[in-house]
1. What's the number of the only condition in (1) more than 13 Å from Met41 (Cβ to Cβ); (2) touching a residue at least 60 places away in the same chain (Cβ under 8 Å); (3) buried (at least 24 other Cβ atoms within 10 Å of the Cβ) that His139 fails to meet?
2. Conditions: (1) in contact with a Phe, Trp or Tyr (Cβ under 6 Å, 6 or more places away or on another chain); (2) buried (at least 18 other Cβ atoms within 10 Å of the Cβ); (3) charged (D, E, K, R). Lys348 meets all but one. Number of the miss?
3. Does region 352-370 hold any residues that are over 23 Å from Val321 (Cα atoms) and either buried (at least 17 other Cβ atoms within 10 Å of the Cβ) or small (Gly, Ala, Ser) (or both), and which are they?
4. Kindly indicate the residue of region 446-469 that is at pLDDT 95 or above, of a type in the set (A, V, I, L, M, F, W, C) and part of a loop (DSSP other than H, G, I, E, B) and also surrounded by the most Cβ atoms within 10 Å (Cβ to Cβ) among those meeting that condition.
5. If you take the residues in region 231-288 that are hydroxyl-bearing (Ser, Thr, Tyr) and under 28 Å from Val218 (Cα atoms), which one is surrounded by the fewest Cβ atoms within 10 Å (Cβ to Cβ)?
6. Give the residue that is farthest from Glu34 (Cα to Cα), with candidates limited to residues of region 393-412 that are of a type in the set (Phe, Trp, Tyr) and crowded, with 24+ Cβ neighbours inside 10 Å.
7. Could you tell me which residue of region 352-370 is farthest from Gln453 (Cα to Cα), considering only residues that are free of Cβ contacts under 8 Å to residues at least 60 places away in the same chain and either part of a strand (DSSP E or B) or in contact with a Pro (Cβ under 8 Å, 6 or more places away or on another chain) (or both)?
Amino acid sequence: MSQSAVDPTFYRSAADAAAAPPEELAYVAAFDREARRHDAMTVVDVNPDSSTYGQVVGWTDVPGVGDELHHFGWNACSSALKHAGHDRDGLSRRYLLVPGLRSSDVYVLDTVPDPRSPSLVKTISGKSLSTKAGYSRPHTLHCGPDGVFLTCIGGPEGDDDGPGGVALLDHSTFEVLRAWETDPGPQHLHYDAWWHLNANVLVSSEWGSPSMIEDGLVPELLLGGKYGHALHFWDLEQGRHLQRIDLGAQHQMALEVRPSHDPDATWGFLGVVISTEDLSASVWRWFRDGDEWKAEKVISIPAEPADPDLLPPALQPFAAVPPLITDIDLSVDDRFLYVSCWGTGELKEFDVSDPAHPVESGSVRMGGIVGRVPHPAQPDLPLAGGPQMVEVSRDGRRVYFTNSLYGAWDDQFYPDGVGAWMAKLDVGGEGGLAVDQRFFPHGEDFRGLRVHQVRLQGGDASSDSYCYS
């Protein structure tokens, strides 16, 4: 890439990213659970000096109905500074690639020239994804070597429950190129993937196939240990499976992978939703030991006793609320790990300066299956849902989160509805969390849609790979 064309939001290192100007906008995916209205990309003002701070200031409907917008990401990131395939003049962090988890269509939104009004410039059809890559139900994407990596939880059309995997998209045209894997190994269920760039290793995780998730959690499958419970390690350049680590069938739903932002490090964290032994949730650390990858549980969060009358039917026999770790996020400086406990309505902060021995350093409660803890800005408004998708600013001083998990699962654990809300926390210099009482978009601010993932203008803790220490 020519020096004159370098996007200023491509950062050589995590330290450079932290020192860059703060975000002014947040992009938030919103969906209609009833599949009657269009899902949308909403734009929220996160500049505290703005007169519209904390308000929805932009809105772009997508053309489909029933897409269930879920995870999404940028077309390019800081890895463009180093890796082959990124050396095209003008490549920039400009486009949002936004998959529909139910429809399998992927919408490409241009945030230029008006970042508050993204415009639809391309639709990648689910049929194209199926025909060219053999996958469906796109979930998570990252810009990486050779193209945009798009994890998919389903197989081809007509065989949704076939093995999931990673589709590779062209960096510039966004055309589906092929399946990324050359040797898929034993992985069948899929969820998330990210990498250790300088070690040439990709790490992937497991949730469930479409039939296992789209109508809610299936208790028989959960108790039978049928949801994902393994980590996988791959040769990033060759697309070749290297190693599988089974966490144990009791540790159900191995979701978010968050590798260290230091490109020379070979460790990261994985969030696990629930243990069938005691309803606890956990965070695991993976690390390389010689030529072998290993994983160990480093955080365990217990279930909380509760009056069965206050619980949804699925939990009443247990008389307890499981934490349900549904997202984790690691600050860009690798100092703090944020853990969403969607069931209990808690967002936990852990100091992971020593990644093998996390120490809890902060906690905030909002929502929750039983607690329904309100936001301090509106103490008389009980909240449903809980901290779910969490995003951390590049400088680590702000944490944003939304409250919806996945439509059918929302309905199962919060049968009276989850509504829609978003919150922001301020992080102290040595950790600790304080709720920003000025920031609380909710309810009709999102026109009745539910909100899920957040992306921050200029990049954030869960969307950038850095090439230099």
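1. Failing condition for His139: (3).
2. Here Lys348 meets the rest and fails (1).
3. Within region 352-370, Val352, Ser353, Pro355, Ala356, Pro358 qualify.
4. Ala461
5. Just the residues of region 231-288 that are hydroxyl-bearing (Ser, Thr, Tyr), to begin with: 260, 266, 275-276, 280, 282.
Subset that is under 28 Å from Val218 (Cα atoms): 275-276, 280, 282.
On the way: Ser275: 21, Thr276: 17, Ser280: 21, Ser282: 21.
For region 231-288, the residue satisfying everything is Thr276.
6. Step one: list which residues in region 393-412 are of a type in the set (Phe, Trp, Tyr), which gives 400-401, 406, 409.
Subset that is crowded, with 24+ Cβ neighbours inside 10 Å: 400-401.
Details: Tyr400: 26, Phe401: 23 Å.
Out of the qualifying residues, it is Tyr400.
7. Residues of region 352-370 that are free of Cβ contacts under 8 Å to residues at least 60 places away in the same chain, as a first pass: 353-354, 357, 359-360, 365, 367-368.
Now narrow it down to the ones that are either part of a strand (DSSP E or B) or in contact with a Pro (Cβ under 8 Å, 6 or more places away or on another chain) (or both): 359-360, 365, 367.
Values: Val359: 26, Glu360: 24, Arg365: 19, Gly367: 17 Å.
In this case the residue turns out to be Val359.
A quick yes/no check of all residues on (1) under 29 Å from Pro313 (Cβ atoms); (2) aromatic (Phe, Trp, Tyr); (3) crowded, with 18+ Cβ neighbours inside 10 Å:
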site	(1), (2), (3)
Met389	yes, no, yes
Tyr414	yes, yes, yes
Gly417	yes, no, no
Glu444	no, no, no
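The values are calculated or read from the model by the stated rules, or taken from the named source; none is laboratory data. The structure displayed is predicted, hence computed values, not measured ones. Cβ atoms come from the backbone with ideal geometry, glycine included; neighbour counts cover every protein chain shown.
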